[in-house]
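Chemist: What follows is a single structure, and I will ask about it in a moment.
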Amino acid sequence: MYTCVCITGPVYDPSRVILQPVSHLVQFCYRLLSRSDDNVLFVLLCRPSPQVIFVSSDFHLVAPDGMKYTQPSITQGRTDVVSVTPWLAPVVWEETFNEKLLDSIYMKKNISVVATVFAVGKYIMFLKDFLETAEQFFFVGFRVSIYVFTDRPNDVPHVKMAEGRQLNVLPVPSSNRWQEISARRMELIQKLIEEKLINKADYIFCLDVDSKFHGRWGTESLGGLVAVIHPGYYRDDRSRFPYERRPISRAFVAPGDGDFYYCGGAFGGLIQEVHQLAKTCRKNFEDDAKEGIEAAWQEESHLNRYMWTNKPSKILSPEYLWQDFKARNPEIKIIRFSGVVKNYAAIRPN
């Protein structure tokens, strides 16, 4: 499918590919209008003839000249897991990608990656491990900005960060209910994108603070809209997924519907995709609240409802958010990111 944008412009000068202001406008419109499964067709209406500019949402992946790597196989590979969805989105597992090849491609793009994390109340105790392990494993070698939302900014630990990486602390109010903290995440992510990130960052990942990195999380995870399979339900039939089952809620997923159960504690993608997700989930949550409804698992329920209709363009396997209390199943060859063991009664306000 193509979205067509018409732009009126000055007399066309064949000696110039495109006037700089128009180029900026094209890129701006593309960020606003493109979806991961669409292409955008720009028509520049100028004299003596219209100019057509194609901007594809498919990633233009350019490998460095002369790079050597093992020949990929079309007939051999992992047979113990599924690595593509029915809508042809890749599912990322260990041994399904070449990290050196991917890094070399995205390094040329000079991408900027944002991570958000919420360290409210006693959850501040998990922040140091999160930040230190992120320095070891999260997009190492790339430009990374981590935004910490917290009601205890003075308690944010000092963690030495590599060149090109930065920590930003954003104060937020405290809350007497952990459900309210959870619910406000989508609102704060939406505002962060609108106020600080549009046209300044490429990708964003929204992660739980009570987790640690144990292995590489890098360019293999990039995509338009990126979801992470929940480790607690990935072997289950959809009838056991803890979707919101009440039709009165805007997070409702009907029996017999649903693809996978996705984590609320890890999701991401292109800035514009995550903005649309956060904006939609926030509105649905607030509209529910006006009617006295709170979805079963707050923003996670709304995220799962959103992704049932708006299919992720890339899915990360449970390697990307395991649970420390769970034994590793045979298909889990590496744990990259995992929720730590904790006493909820001791750290949650209610």
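Read-outs throughout are calculated quantities, based only on the coordinates presented, and are distinct from any laboratory measurement. Values in this document were obtained by computation on a predicted structure and should not be read as measured data.
Chemist: If you project the alpha carbons of region 187-319 onto their three principal axes, what span does each projection cover, largest first, in Å?
Modeler: So the extents along the principal axes, rounded to whole Å, are 39, 35, 26.
Chemist: Computed over the Cα atoms of region 92-193, what is the ratio Rg over Rh, Rh following Kirkwood? Mind showing how you got there, number by number?
Modeler: Working: Rg = 15.7 Å, Rh = 15.3 Å.
For region 92-193, the value is 1.03.
Chemist: Given the C-alpha centroids of region 188-242 and region 279-304, what is the distance between them in whole angstrom?
Modeler: When both Cα centres are located, 18 Å separates them.
Chemist: Provide Rg over Rh for region 156-231; use the alpha carbon set for both Rg and the Kirkwood Rh (inverse mean inverse pair distance).
Modeler: Values: Rg = 14.6 Å, Rh = 15.4 Å.
Radius of gyration relative to Kirkwood radius: 0.95.
Chemist: Short version: what are the Cα gyration tensor semi-axes of region 91-347, square root of 5 times each eigenvalue, largest first, in whole Å? Show your work: numbers first, answer last.
Modeler: On the way: eigenvalues 135, 99, 70 Å².
Semi-axes (√(5λ), whole Å): 26, 22, 19.
Chemist: Once amide H atoms are placed 1.01 Å from N in the peptide plane, what residues at a sequence separation of 5 or more from Ala266, or on another chain, have their amide H within under 5 Å of its amide H?
Modeler: Close amide H contacts, sequence-distant or interchain: none at all.
Chemist: What's the extension gain from Val169 to Tyr234 if we count 0.36 nm per residue and subtract their Cα-Cα distance? Mind showing how you got there, number by number?
Modeler: Details: separation 65, 0.36 × 65 = 23.40 nm, distance 3.41 nm.
Extra length available between Val169 and Tyr234 comes to 20.0 nm.
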